1. For the range 251-297, name all the residues that are assigned to a loop (DSSP other than H, G, I, E, B) and charged (D, E, K, R).
2. May I ask you to list the residues in the range 89-142 that are among the basic types (Lys, Arg), at negative phi and more than 24 Å from the chain's Cα centre (by Cα)?
3. Which condition from (1) under 26 Å from ASN154 (Cα atoms); (2) surrounded by 19 or more Cβ atoms within 10 Å (Cβ to Cβ) is the one that LYS103 breaks?
4. Pick from the range 52-79 the residues that are assigned to a helix (DSSP H, G or I) and without any contact (Cβ under 8 Å) to a residue 24 or more places away in the chain: which of them is nearest to ARG116 (Cα to Cα)?
5. As an exercise: evaluate ILE227 against (1) farther than 17 Å from ARG287 by Cα; (2) in a helix (DSSP H, G or I); (3) not charged (D, E, K, R) and give the number of the one condition it does not meet.
6. Applying the selection to the range 323-351, what residues are within 19 Å of THR297 (Cα to Cα) and either in contact with a Leu (Cβ under 6 Å, 6 or more places away or on another chain) or open to solvent by less than 60 Å² (accessible area, probe 1.4 Å) (or both)?
7. Out of (1) out of contact with any helix residue (DSSP H, G or I) (no Cβ under 8 Å at 6 or more places or on another chain); (2) open to solvent by 50 Å² or more (accessible area, probe 1.4 Å); (3) modelled with pLDDT of 95 or more; (4) of a type in the set (A, V, I, L, M, F, W, C), the odd one out for PHE156 is which?
Amino acid sequence: MKSVALHNLGCKVNGYEMDVMQQMLQEKGYKIVPFDKAADIYIINTCTVTNIADRKSRQMLHRARRLNPQAVVVAVGCYVQTGEEAVRQDEAIDLAIGNNRKKEIVAILEEYLEKRQTAVDVIDINHTNEYEEMMLRKTGGHTRAYIKIQDGCNQFCSYCIIPYARGRVRSRREEDVLQEVRGIVGAGYREIVLTGIHISSYGIDTGVSGLLPLLMKLHAIEGLSRIRLGSLEPRIITEEFVRQISAMPKVCPHFHLSLQSGCDSVLARMNRHYTSGEYFRTTELLRQYYPNPAITTDIIVGFPGETEEEFAVTKEFAGSVRFYEMHIFKYSKRKGTRAAEMEGQLTEAIKGSRSEALSKIGGQMSRAYRTSFIDSEVEVLFEEKKEIDGKMYWIGHTPEYVKAAMEADPAYGMGNRIVKGTVVGFLEEDIMLLK
């Protein structure tokens, strides 16, 4: 029995695909071992979103080679897809597999083990209409499962390499999504998170369905308690869309709407397809239909040419939206994108100071949002047991993805249960306490 060590880099889509690859390897009799241990085979699911991500991917591949010089080192995914030439020249890599080929990993690996010839298996991702069908039956957690519903992106933001790594939008067949979710629910999972590279585009390539019809069918699955949406394009938040999803109680009132900048001139240089005013109207629409929705976002600071005045506009805009959480990224140049060639590249010091300033505002807003739940009754799906200050607590999340805890009763297990309680205050900075 050959041992395999796995390491995943990057996004939730990569995480889902790694879970399926692990499942396929185990079904074929491979033994999964920790990545920092000696293994016969090392598989790294790579990321290429920034130059730093490329470097991390190379570092993990070289680390695997050092851990066992005789092992087979396999590079998989986005770094392989966009850096094929560099991958071919890297002596640390024995086998490289691009995107849309991960479902064949066992067959490709076994062919390599038979022939022992260095191989690179990469398709032209920009000229395929095929969605790579993978079926997840279990995952590392026991309460929440990520479900991939589409791949690829047609947006071509000026800072982003992903359309070249993942190709154009390709939607998964509705029947396959439903089959996977029924299986996951049958295995005991209570919550699913719909994920993809650009899930708002689900169905635009087929014309058969869309995100809203899919949600309606998922909502009807018996035993499924929660449906959480991954990152959404702000333009999908129309009154019709919000009216329909607000009538589905299983859909969590937690909306991640990628902003990237609150300044219209920066948004235009980024090739984002909305204005700050349009974005703000979507958040007001959500608050019209939901009493206290969680609105989270991503913001890039230090984009090429971003002036102090433009950054000040972003800061003011972020405060006006009242986000629950902001994920702040310092702009990182990615070779092959238009932004990498733009004038006005900013220093790391400027980017760092802007990130700090925005993080401070984000922390204040996050605290205010959590505080708004004190004295309210909430439902928490408990996921794990944890000792805090000498006491045992069950920890989980509300539908808004606010982390909450309840003191554990030794006579009553609450794992994977949805429990009601009243928020009485903070247990820790990011954990609310229930009674």
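The values are calculated or read from the model by the stated rules, or taken from the named source; none is laboratory data. Remember, it's a predicted structure, so these values are computed and weren't measured experimentally. Note that we place each Cβ from the backbone using ideal geometry, even for glycine, and neighbour counts take in every protein chain shown. Heavy atoms of the whole protein, side chains included, go into the accessibility calculation; ligands, DNA and RNA do not. Shrake-Rupley method; radii C 1.70, N 1.55, O 1.52, S 1.80 Å.
1. Scanning the range 251-297 gives a single hit, ARG272.
2. LYS115
3. Just one mismatch for LYS103, condition (2).
4. Looking only at the range 52-79, we keep the residues that are assigned to a helix (DSSP H, G or I), and these are 52-67, 78-79.
Next cut, without any contact (Cβ under 8 Å) to a residue 24 or more places away in the chain only: 55, 59, 63, 66.
Values: ARG55: 27, GLN59: 23, ARG63: 21, ARG66: 19 Å.
Per the criteria, the residue is ARG66.
5. (2)
6. Start the filter on the range 323-351 by keeping residues that are within 19 Å of THR297 (Cα to Cα), which leaves 323-332, 351.
Residues satisfying the conditions are PHE323, TYR324, GLU325, MET326, ILE328, TYR331, SER332, LYS351.
7. All conditions pass for PHE156, except number (1).
For every residue, the table says whether it meets (1) modelled with pLDDT of 95 or more; (2) over 20 Å from the mean Cα position of the chain (by Cα); (3) under 18 Å from ILE147 (Cβ atoms).
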{"position": "SER200", "(1), (2), (3)": "yes, no, yes"}
{"position": "GLY207", "(1), (2), (3)": "no, yes, no"}
{"position": "ILE221", "(1), (2), (3)": "yes, yes, yes"}
{"position": "ARG226", "(1), (2), (3)": "yes, no, yes"}
{"position": "GLY230", "(1), (2), (3)": "yes, no, yes"}
{"position": "GLU239", "(1), (2), (3)": "yes, yes, no"}
{"position": "PRO249", "(1), (2), (3)": "yes, yes, no"}
